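Below is one structure, written out as structure tokens, with a few remarks after it.
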Amino acid sequence: MPPERVPIPPTFYADDTDAPFDECMVCDQPLRDGSVDYVIEKGFRSYEGYDVEETVFGYALCMPCHATLSNSFSDASAQRCSSFLNEHMDLPERTAALLPSTEDVSVDPSDWTQQCVVYGTPKKDLEEYQLLAHCRGEKMLVTHLPLMIGGPAIEALVERLSNETLDELGGFRDEHFGVPPELQQNLQGPVLA
Ligand SMILES: [Zn+2]
């Protein structure tokens, strides 16, 4: 079955334009014409007791740039992360549980991002979380993505990264995000796609 495609939900829009991302953050490849698949990653932070949520970062990366970044992970980092994720996630099961069993029911992609994909923590109980989506042109593909990963699971992944990989990701961050150092702690770039 080909993946469901839905319009990109506003949660995945670029904050500065309030519209879907136009280009790859790294190579400026246009994304809206559908010539290349891309991932969107956004990080959010909420404040306990306040009904406010702010975007900490957000970007789109074309698949070739995403692959380049993933390949910069050391073998040890990649292996430790994937065995951690395999231990905690069953992606085919997740997809089967989320996708409606009949074609009459329309897909609601927000169902995909209500709980941390690793620990199952509900979004409302998380101070920090990241969202990840796979898009093509103006559509989001609904597969085992989109997903939400909470702060504690991100930390667990980061602990499994080698210093070499952390340096790579740090360099990527410094080059592409103008974020203040106190917010950088959990901005590790796309660890999961
Ligand atoms: Zn690119």
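The values are calculated or read from the model by the stated rules, or taken from the named source; none is laboratory data. For clarity, every value in this text was computed on a predicted model and none was experimentally measured. Positions of Cβ are backbone-derived with ideal geometry, glycine not excepted, and every protein chain shown enters the neighbour counts. The accessibility values were calculated without ligands, DNA or RNA, using every heavy atom of the protein model including side chains. Shrake-Rupley method; radii C 1.70, N 1.55, O 1.52, S 1.80 Å.
Report the normalised scattering of region 32-151 as log10 I(q)/I(0) at q = 0.15, 0.23 Å⁻¹, calculated by the Debye formula with identical scatterers on the alpha carbons. Here log10 of I(q) over I(0) equals -0.83, -1.44.
Where does the charge balance sit around Thr17 when Lys and Arg score +1, Asp and Glu -1, over other residues with C-beta under 12 Å from its C-beta?
So the surrounding residues net to -4.
Going by accessible surface with a 1.4 Å probe and the largest first, Lys123, Lys139, Lys42 read Lys139, Lys123, Lys42. Expressed to the nearest 5 percent, the antiparallel share of DSSP beta bridges inside the chain is 95 percent. So what is the relative contact order of the chain, in percent, for Cα pairs below 8 Å that sit 6 or more residues apart? Worked out over the chain, it gives 27 percent. Pairs of Cα atoms nearer than 8 Å and 6+ residues apart set the relative contact order; for region 1-57 it is 20 percent. Here region 1-157 has 48 percent of its accessible surface on carbon and sulfur atoms, given a 1.4 Å probe and all protein chains in place. With point charges of +1 on the Cβ of Lys and Arg and -1 on the Cβ of Asp and Glu, referenced to the Cα centre of the chain, which listed residue (Tyr38, Met25, Pro9) lies farthest in the positive direction of the dipole? Result: Tyr38.
Restricting region 1-50 to chymotrypsin sites (Phe, Trp or Tyr not before Pro) that sit in a DSSP loop and have at most 11 other Cβ atoms within 10 Å of their own Cβ leaves Tyr47, Tyr50. Taken per residue, the accessible surface of the chain reaches 53 Å², heavy atoms only and a 1.4 Å probe.
Applying a DSSP loop filter and a limit of 11 other Cβ atoms within 10 Å to the GluC sites (Glu not before Pro) in region 1-73 leaves Glu48. For Ser162, neighbours were defined as the other residues whose beta-carbon sits under 14 Å from its Cβ, and their charges (Lys and Arg +1, Asp and Glu -1) total -3. With a Förster radius of 22 Å, plug the Cβ-Cβ distance of Glu164 and Asn86 into 1/(1 + (r/R0)^6) and report the FRET value to the nearest 0.05. FRET efficiency, Glu164 to Asn86: 0.50. Rounded to the nearest 500, the 222 nm mean residue ellipticity of the chain from helices alone is -8500 deg cm²/dmol, with -39,500 (n - 2.57) taken per DSSP H run of at least 4 residues. Centre-to-centre, using Cα atoms only, region 121-147 and region 41-97 are separated by 9 Å. Can you list the aspartates and glutamates whose alpha carbon is less than 12 Å from that of Lys124, not counting same-chain residues fewer than 8 positions off? Leaving aside aspartates and glutamates fewer than 8 places away in the same chain, those within reach of Lys124 are Glu48, Asp51, Glu53.
The listed residues His134, His144 rank as His144, His134 when sorted by accessible area, largest first, using a 1.4 Å probe.
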